[in-house]
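**Q** I'd like to ask some things about the structure below.
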Amino acid sequence: MRPILLTLALTTLALPACERADTREVKALSAELDRARRHRDFGNAESMARQILKRAPHHDGAWATLVEVRLQMNDVSGAEKILNEWRAAARQSGTQLEEATGDVALARQDEQEAILHWEKALGPDPKNERVLRKVAELEHAHRHWIEEDTAWSTLIKTRDSADARLKRAIARRQLHRWEDAIADLQRARLLAPENAQVQEWSQRFERLGKFLDEIRELDASISSSPSDFTLLGDRALAFLRAGDPELARSDAEQARKLAIWAIRPKLLQAIALIELNRANEGVDLLVRNSIRLEQLNAENLEAFRRLDGQIAVERTNADLFVSRAWQLNEIGQPELAQEDAETALTLDKKSASALAELSYALMKLGQSDEALTKIKLATDLDPQLAIAWQYRGEIEMTHGETVPAIDSLSHALQLNQTAIALRKRAECYRKIGYNDRAEEDLHALEDLTARTMK
């Protein structure tokens with residue numbers, strides 16, 4: 001009996017010693033694991049995590065590491081397998097398990113489930129900075145500005161930082177909370193004056209500040225009339241001038257949804273996408289990638305604003321579409337000009353002006369044969385239309401028909417003397433050796449230019 005009791009006593013005494021040894025070993029392995037994770041040495045991290053789990057099967061940090069390693073290797077199914085093993089081993093669903101479940105859901109592109117599990121993780125640990133940051137960044141990606149603002153605000157209450165302040169300033173800029181955004185930016189500058197991102201955004205806000213009075217007025221007007229595509233276009237233009245193509249794109253896109261027939265929102269959205277280096281997203285706009293805001297003068301912009309507004313009221317007025325086609329040809333957008341000219345022709349099949357603008361657009365699109373056919377129809381329909389004769393002359397020049405081109409340009413000049421027609425006819429005269437006549441046209445061009453400048 002005594003040997004058995006002695007054995008039991010020795011065993012009982014040995015258990016705490018073994019547990020203490022395992023605990024020390026787990027602590028040492030955990031320290032190694034932390035170092036491996038900090039240095040992004042995922043191979044070593046995985047090895048440390050598995051050694052820990054042999055000694056401590058409920059070690060959440062080790063399980064979380066195994067999931068992270070699988071996700072870093074884009075092995076989502078492997079990460080899900082580890083999650084299932086973790087759940088089976090866990091006494092209860094803790095913060096790290098919920099966070100990892102959200103991470104795997106995000107890897108599966110199930111963002112709603114990711115948010116759901118991260119919010120569960122925040123339940124018992126509402127100040128978890130890592131999870132709050134994940135929530136904020138996902139809300140930002142989905143343009144959920146209010147939710148993003150809330151996440152950054154919670155994080156800032158936990159620990160203030162230049163990065164969180166800057167991110168919240170950017171979110172509040174999207175919400176047009178200008179004073180709050182500027183206050184956050186100022187705080188970020190105070191906390192990290194040398195930070196490159198803080199400096200970059202300081203410059204952007206400084207440019208924006210020059211237009212804020214105008215933008216605030218437009219904010220108020222749009223708040224009263226949120227479906228007014230013209231006001232949204234005005235604000236998109238203001239944002240482009242202020243050097244903020246992201247906010248400009250948002251307003252232009254909304255204006256375009258409200259008025260699919262409008263041209264100005266298309267142009268502004270295309271310009272914004274080009275400035276954001278995302279021109280490929282605007283293929284359906286039919287706007288050429290060469291367009292820039294500085295290429296559009298005040299008269300162009302006002303003309304498109306006015307014509308879009310008039311077309312909104314008179315959707316079957318062919319002349320309005322012709323006028324807009326002319327403006328589009330003027331700024332080098334033949335695809336859109338063709339669209340408007342064809343619309344005008346569906347409304348008025350005998351519109352010589354529509355045929356003229358269509359022919360010019362087709363010429364710029366490299367369809368010169370069809371362009372010549374259309375422009376001849378235009379001059380037949382209306383022999384008094386000067387612009388049609390001018391276009392006809394230009395198209396005939398591209399076909400190498402120099403003498404007919406001179407005749408067409410002469411018709412145009414008899415009806416309306418323009419600089420382009422004089423220059424083109426002088427070019428034709430030189431081609432056939434009529435240098436004196438070419439000089440006469442060039443002198444006439446100088447006189448016309450001088451008169452125009454007075």
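The values are calculated or read from the model by the stated rules, or taken from the named source; none is laboratory data. In this text, all values refer to a predicted model and were calculated from it rather than measured experimentally. So basically every Cβ, Gly included, is an ideal-geometry build from the backbone, and we count neighbours across all protein chains shown. Heavy atoms of the whole protein, side chains included, go into the accessibility calculation; ligands, DNA and RNA do not. Shrake-Rupley method; radii C 1.70, N 1.55, O 1.52, S 1.80 Å.
**Q** Among the residues of region 368-385, count how many are open to solvent by 50 Å² or more (accessible area, probe 1.4 Å), closer than 10 Å to residue 352 by Cβ and of a type in the set (S, T, N, Q).
**A** Selection size over region 368-385: 1.
**Q** Among the numbered criteria (1) closer than 25 Å to residue 367 by Cβ; (2) touching a Gly at 6+ places or on another chain (Cβ under 9 Å); (3) open to solvent by 70 Å² or more (accessible area, probe 1.4 Å), which one does residue 326 miss?
**A** (2)
**Q** Consider region 48-97. How many of its residues are out of contact with any Leu (no Cβ under 9 Å at 6 or more places or on another chain) and acidic (Asp, Glu)?
**A** Final tally of qualifying residues: 3.
**Q** Which ones in region 354-390 are within 19 Å of residue 403 (Cα to Cα) and of a type in the set (Ser, Thr, Tyr)?
**A** Correct list: 368, 373, 379.
**Q** Follow-up. Can you run down the residue pairs with Cβ atoms below 6 Å, 6 or more apart or on separate chains, where the first is in region 137-154 and more than 14 Å from residue 112 (Cα to Cα) and the partner is among the β-branched types (Val, Ile, Thr) and assigned to a helix (DSSP H, G or I)?
**A** 151/135
**Q** Identify, from the list 303, 312, 378, 325, the residue that is over 28 Å from residue 228 (Cβ atoms) and among the aliphatic types (A, V, I, L, M). I'd like the intermediate steps shown before the answer.
**A** Working: 303 fails: over 28 Å from residue 228 (Cβ atoms); 312 fails: over 28 Å from residue 228 (Cβ atoms); 325 fails: over 28 Å from residue 228 (Cβ atoms).
Within the list 303, 312, 378, 325, the selection yields 378.
**Q** Does residue 281 satisfy being modelled with pLDDT of 95 or more and of a type in the set (D, E, K, R)? Please lay out each step first, then the result.
**A** Working: modelled with pLDDT of 95 or more: no; of a type in the set (D, E, K, R): yes.
No, not satisfied.
**Q** Sticking with this structure for a sec: For the subset of region 131-160 comprising residues that are in contact with an Asp or Glu (Cβ under 7 Å, 6 or more places away or on another chain) and open to solvent by 80 Å² or more (accessible area, probe 1.4 Å), which member is farthest from residue 247 (Cα to Cα)?
**A** Only one residue tops the list, namely 159.
**Q** Now a separate question. Can you tell me which of (1) of a type outside the set (A, V, I, L, M, F, W, C); (2) in a helix (DSSP H, G or I); (3) over 18 Å from residue 394 (Cα atoms); (4) open to solvent by 80 Å² or more (accessible area, probe 1.4 Å) is the one residue 316 doesn't meet?
**A** (2)
**Q** Taking the criterion of being of a type outside the set (Phe, Trp, Tyr) and under 14 Å from residue 133 (Cα atoms), would at least one residue in region 175-185 satisfy it? If you could, list the steps in order and put the result at the bottom.
**A** Filtering region 175-185 for residues of a type outside the set (Phe, Trp, Tyr) gives 175-177, 179-185.
Keeping just the survivors that are under 14 Å from residue 133 (Cα atoms) gives none.
There is no residue in region 175-185 that is of a type outside the set (Phe, Trp, Tyr) and under 14 Å from residue 133 (Cα atoms).
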